[in-house]
Every structure is written in C-alpha cells, then in structure tokens.
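Visitor: Take a look at the following structure, please.
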Amino acid sequence: MAKTRPQSVPRVLRDRGERVEAALASLLSVPDEPSRDLYEAMRYMVLGGGKRLRPVLVLLAAEACSGSDEAAIPAACAVEMVHTYSLIHDDLPAMDDDALRRGRPSCHKRFDEATAILAGDALLTEAFGVLAREVGDGETARRLAAELAHAAGAVGMVGGQMADLEAERTGRRDPDLLQVIHRRKTAALLTASVVMGAVAAAAGEHLERSLRACGEHLGLAFQIADDVLDASATTEALGKTVGKDAAADKLTFVTLYGVEAARRRARDEADRAVDALSPFGHEADPLRDLARFVVERTF
Ligand code: GRG
C-alpha cells in the first residue's frame, strides 16, 4: 500500500487552524444585547487571521499522545483567546503603540482604546470560562486552567511584558535578562500550549514532561525567529509593523548578537525541541515538522 504523504506545515496550520476558527466563531457568537460592540471587537481580533500556531500546537501535542482533536479543542480555543488578548493589549498606546495587526488596523484603531482594553479583558476571562464549561472532566479542566494561568500571568507572559518594559526604560543590556523576557513573554504560552495538549489527552507525567521541554525550546526558537523577522522581513509579509526593535533599540537576540548568530541560535533551539520528542513515535512527526518550521518561516 502506498505510504500517505505527510502534510506540509502550512497545510497543517491551515487545516487544524480552520477547525479551531470554527469552534472560536461558535464560542464567540454575538449576543442580542447591549454589549454587541464588545463582541464585535472580540470577533474582529480573534477571527481576523493569525497563524493559529498556539492552538495548532495544542492539537498536535494531543495527537502525539494519541488523544482526539475533539477533546483538545476547548484548550486550543482558550489558548488562542489569551494570545489574542495579549496582542490587543500589546498594540495599545501605553504598550507597543502599533496601528497594524494581522494585516489589519489593530483593535484600538478599528474600534477605540476603551473598547480594545475591554475586548482584551473579556477574551482573557472567557478563556477560563471555556475551560470551565467545555471540558467534560473536572480534574482535567482544573489542570488546564492552572497551566494556562501560570503561563499567562505574573510569572509568565504579563511578567515578561513588564520585564521588557523595564529593560526598555533602564536600557539594561544583559543576555540573562533577555532570556528571562523571552521565556516569560513568549515561550511560556507556547510551552503551555503543548502541555495542555498532553493534559487534554490524559497523556501522563512522562510524556507531559517531554512535551514541556519541547515547548520551552520551541518557544525560545519562535521568539528568536520573530526577532530575526523583525529585522529582515517586510510589513506586508508579517501583517505587522517591522523594524521596530532596531528603531527602539530594544533588547533582542538580533540587537545583542546580530542576525546570523540569532538565526543559528533559533535553529539550535528548534533542534532541541525536536530532540525532546524522542519518546514519541511517528504520531509526533507533525509536531517535529512544526518545530522546524517555526525557525524557517517567512511570515
Ligand atoms: C495586561 C495591559 C496588559 C497588557 C498585556 C500580555 C501583554 C500585554 C503582552 C504580551 C506580550 C506579547 C504580545 C508577546 C509577543 C509574542 C509574539 C511574538 C506574538 C506574535 O505571535 P504570532 O506571530 O501572532 O503567533 P499571530 O498573529 O500569527 O497569532
């Protein structure tokens, strides 16, 4: 029998991404009540493009553990809601002050600042509502919520954003600080994505530990590649403003080590992410391919 050809990564992202998008559209249907504008803003950002990397990681990690997509979909949606909230708030004038996101006007430009703040708040809250309502088993829902809260909060993404702002204010240039910022601000949520896939699939401690290690390396690889793209890609290709790191003299792998060294480090982290998947068989191949893709991507 002819061997089935593996799907290319962009196709995996598109197929699984569409599944997640359909679930998100249904979870965020617009109610017939006064807060319609709020839902419009939430839907504008959540359903407005994006690579869907984090929710697809949830699904691929679950598949690597022989779990079903169906069981992992609520976790995938919750992660994408938290990620989208972070993008909305990151674009605000008090943060990165960016007018473009996912190839369209950012949320506060399309609506207004107050609506954007509230849309972000509502998405963050709704993410935990989805886990509480849509995950059948109570203990699994509790573990998913704990993992997501840890990754998104003060010791994770929000803490990383704070450290990033402080580095900008103080002008501190320190490789250790850079690692802390990248691990918290970006890698924490990517790590949570693969761990949540394992939890949704009831994979057990051993596989969960391997996926956590994979996520930590993949998360760092992703952010270093993002630093490289900011210095080398176009605004059209990325759908967000490029060249901001150099303009603001931000602390990144590129501003600290240069583009070529940053590329090498990103590839090294991606290799480590793949190595961490050694306990898995072929069912983890899409995850391995995605880890490699993260550093070779052009968007
Ligand atoms: C709470 C006021 C307040 C603000 C929070 C949490 C936060 C602000 C910011 C989070 C930090 C952040 C946005 C990190 C950037 C990580 C990153 C590279 C995002 C881009 O991810 P992609 O490329 O985006 O996967 P798409 O659009 O494809 O989903």
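What follows draws every value from the coordinates through simple rules; no lab data is involved. Only a predicted model underlies this, so the values are computations on that prediction, with no experimental measurement involved. Using ideal geometry, Cβ is built from the backbone for each residue, glycine included, and neighbour counts are taken over all protein chains shown.
Visitor: Which shape class applies to the stretch 154-299: rounded if a/c is under 1.5, otherwise prolate when a/b exceeds b/c and oblate if not, where a ≥ b ≥ c are the square roots of the Cα gyration tensor eigenvalues?
Guide: Working: a/c = 2.18, a/b = 1.57, b/c = 1.39.
Prolate.
Visitor: If packing is taken as the average count of other Cβ atoms within 10 Å, what order do 51-62, 246-257, 189-200 fall into, highest mean first?
Guide: Working: 51-62: 27.2, 246-257: 17.4, 189-200: 29.2.
Highest mean packing first, the order is 189-200, 51-62, 246-257.
Visitor: Sequence gap of 8 or more, or different chains, plus Cα separation below 19 Å: how many lysine pairs satisfy both in the stretch 8-296? Show your work: numbers first, answer last.
Guide: On the way: Lys51/Lys185; Lys51/Lys240; Lys109/Lys240; Lys109/Lys244; Lys185/Lys240; Lys185/Lys244; Lys185/Lys250; Lys240/Lys250.
Total qualifying Lys-Lys pairs in the stretch 8-296 comes to 8.
Visitor: Also, quick follow-up: With charges only on Cβ, +1 for K and R and -1 for D and E, what is the dipole size of the chain about its Cα centre, in debye, rounded to 20? Each step should come with its number before you reach the end.
Guide: Working: 38 positive and 47 negative charges, 143 e Å.
Using only the charged Cβ atoms, the result is roughly 680 debye.
Visitor: Compute the distance in nm between two label points, each set 7 Å from the Cα along the Cα-to-Cβ direction, one at Met162 and one at Ser8.
Guide: With each label placed 7 Å out from Cα toward Cβ, I get 4.4 nm.
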